[in-house]
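Participant: For reference, the structure I am asking about is given below.
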Amino acid sequence: MISGPVPGRRAERLLAALAIALALCAGRSAAAQESGLQQNGAGWGVQQLMRELGAVKRSQARFVERKYLKILNAPLELRGTLTYVAPGNLEKRTLSPKPETLTVEGDRLTMESAARNERRTLRLQDYPVLWAFVESIRSTLGGDIAALERFYRVELEGGRARWRLYLVPRDPDMRAVISLINIGGSRDRVERIEVQEARGDRSVMNIYEQGR
């Protein structure tokens, strides 16, 4: 069993592992307003979307995630379940191809692997790039636009029935790992999370909600 911070370049490898586990494709937004927040339709925009997302206090879903790596001829596919409990607790439980669990509670990220008999806990503030990635998911689910804008330039396109958020990292260290996060959904549901990595790999997670 392992706990505590991981020194040096291990943080980048942990981010890659988290990217495989939590979410990860690319896209370009339509022209956005100078503020980076595009208003879509009368009376509907980023602020309204964040309020609707923030009103969801608990959600459970199953996911199918495909990771496209240059070194592989076919995508790596993961399946499992996701649980979100406001104000910011996440659990991502991978069931196949091998059981693993990622849990975010407050400023702590815990990774557990039964196959390796390993448990690792990190304090997110000690790993700014990892923290920024976690907040792309957690702050979206929680409807926290202030937290999102701390780490990303945020653009919205589409309407309430079908929307997309484009998150462009502000920090150069984050951009060296991930160039764009694209989150799509309908009304108060997140249905797809796509991430393009700076070195060309990408992954796509489709989310199928089970209930709240």
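Nothing in this text is a laboratory measurement; each read-out follows from the coordinates by a stated rule. A quick note: this is a predicted structure, and the numbers were derived from the prediction, not measured. Quick reminder, even Gly has a Cβ in these numbers, built from the backbone with ideal geometry, and neighbours come from all protein chains shown.
Participant: Just to be sure I understand, how many residues within the range 52-73 are over 19 Å from E209 (Cα atoms) and either surrounded by 11 or more Cβ atoms within 10 Å (Cβ to Cβ) or among the charged types (D, E, K, R) (or both)?
Facilitator: The qualifying residues number 4.
Participant: Turning to a different aspect of this structure: Do we find that W131 is over 18 Å from the mean Cα position of the chain (by Cα) and aromatic (F, W, Y) in this structure?
Facilitator: For W131, the condition - over 18 Å from the mean Cα position of the chain (by Cα) and aromatic (F, W, Y) - is not met.
Participant: Right, here's the next one. Tell me the strands (runs of 3 or more DSSP E) entirely within the range 39-107 that contain at least 1 residues that are of a type in the set (F, W, Y) and farther than 14 Å from G142 by Cβ.
Facilitator: The qualifying strands (runs of 3 or more DSSP E) are 58-68.
Participant: So, in the range 74-104, how many residues would count as being under 19 Å from S203 (Cβ atoms), of a type in the set (G, A, S) and buried (at least 18 other Cβ atoms within 10 Å of the Cβ)?
Facilitator: Residues meeting the conditions: 1.
Participant: Restricting to the range 47-64, name every residue that is in contact with a Lys or Arg (Cβ under 6 Å, 6 or more places away or on another chain) and under 18 Å from R164 (Cα atoms).
Facilitator: none
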